[in-house]
Structure formats: C-alpha cells, structure tokens
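**Q** My questions all concern the structure below.
The values are calculated or read from the model by the stated rules, or taken from the named source; none is laboratory data. Since the structure is predicted, the reported quantities are computational estimates derived from the model, not experimental observations. Positions of Cβ are backbone-derived with ideal geometry, glycine not excepted, and every protein chain shown enters the neighbour counts.
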C-alpha cells in the first residue's frame, strides 16, 4: 500500500468515526423531540456507503498489493529466466569451444597420421630400393669374386732373368729397355727407375723380347767381324812375314 492510499484510508476512517458521532447526536436529538421512527432522518445509507467505500478501497489495495507481488515475482522470474538463459548460453559457448578444440585436435591428429603414413611409405619404398641395390651389389660382388677366384693371385714369375737390352712392356703397351742390373737383383728400366724384377712383374711389367732375340744391327755385325778376323800365319809377331 502506498502512502497516498494509507492516508486516504485513514481519512476515511476519521470520516466514519465522525459520521457515527453525528448519527448518535442525531438519534438523541430526535429522541428528545419525540419524532416518530418513520419521520426520523437516517444517515445509515451514508454510513453504509462509507463502509462500502472503505471495504472496496481495502480490497483494491489488497488487489494492488497482490498485483505488485505478482509483478515482482514476474520480474524476479524474468531475471531468473535471463540468468538461466545466460548460463545456458555460456555453457553452450563452452561446449562449442570444447567441440571446436576437439575438431582441431582430430584434424591435427589426422594430418599427423597422414604425414607419418607418407613417411612410412616413403621409407618402405627407399628400403625396398636399398634392398634391391643390396641384392644387386651382392650378386655383382659374388660374380666378381667368382671371376677373381678364376684368376691367378699374382702373375706367374718369368723364368728368364731380365738382362740389359731386354725389352719390357707395361700393362698399357708401353715398352722400355732394361738399362742395367746390379748384384742385388735390382733391374733398371729406361725412364722408370729401379726395383726388383718381382716388383716390376707385380706392377704388370712383362718381358716383351729378349736382347738375344734382337737381330744385330749392321754396325754390330761390322764390329763383331773386326773382332773375329782370323790371324795371318805369314805375319810374325813383329809384323814381318816368315820365310
């Protein structure tokens, strides 16, 4: 009840009390004057109207109070509903954030799985290629080992000891002459230094032609003829012929 309504009801009660006093004085005056009951002035309708007005006002105040309580309750309900909506929206946003995070995490995991799978397939392909190369290499090594086993471990030594004038040939077809041989067995080859015959042979040098197989040059024949000319018996030791 507002202050205005309370003041109005209080004033109305004052009027009722005053009316009751006036009615009492009026009845006393009429009793003193011996006025019959049918001719008396009655203020009861006014009192009833005032009582009815007070009751109606009281009922109106009660209805207003009820309505205000309902309004307050409605407002409180609206506020509670708004709070519930806000809480529900916040929860919805939180759940959406969790869902989006899970989706991103799943996509990241799928990407990682795809990368790992691709890397695994690449490594598998590389491993397969390496295994094929390894098999090919093993096969080639086996073939080379087999061929190597068919070859002699080192060149067979030549029975002929190289001599000065012998013609020696290396693995590339280059030929050089033996220019000397010392007591320690070292063989000197033209333009290549000196080492033992076995070392020369191990380096793929071999005898191409012996010096004794080379036909003598005209100069050598002439020099040999001069040395081998027979002695004339008719000539004495003092250069004079014998008689």
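**Q** Out of segment 20-59, which residues are closer than 15 Å to residue 9 by Cα and free of Cβ contacts under 8 Å to residues at least 24 places away in the same chain?
**A** Result: 49, 52, 55, 56, 59.
**Q** Residues being touching a residue at least 12 places away in the same chain (Cβ under 8 Å), more than 12 Å from residue 161 (Cα to Cα) and in a strand (DSSP E or B): count how many of those fall in segment 181-202.
**A** 2
**Q** Now a separate question. Checking residue 66 against (1) surrounded by fewer than 10 Cβ atoms within 10 Å (Cβ to Cβ); (2) modelled with pLDDT of 80 or more; (3) assigned to a helix (DSSP H, G or I), which single condition isn't satisfied?
**A** (1)
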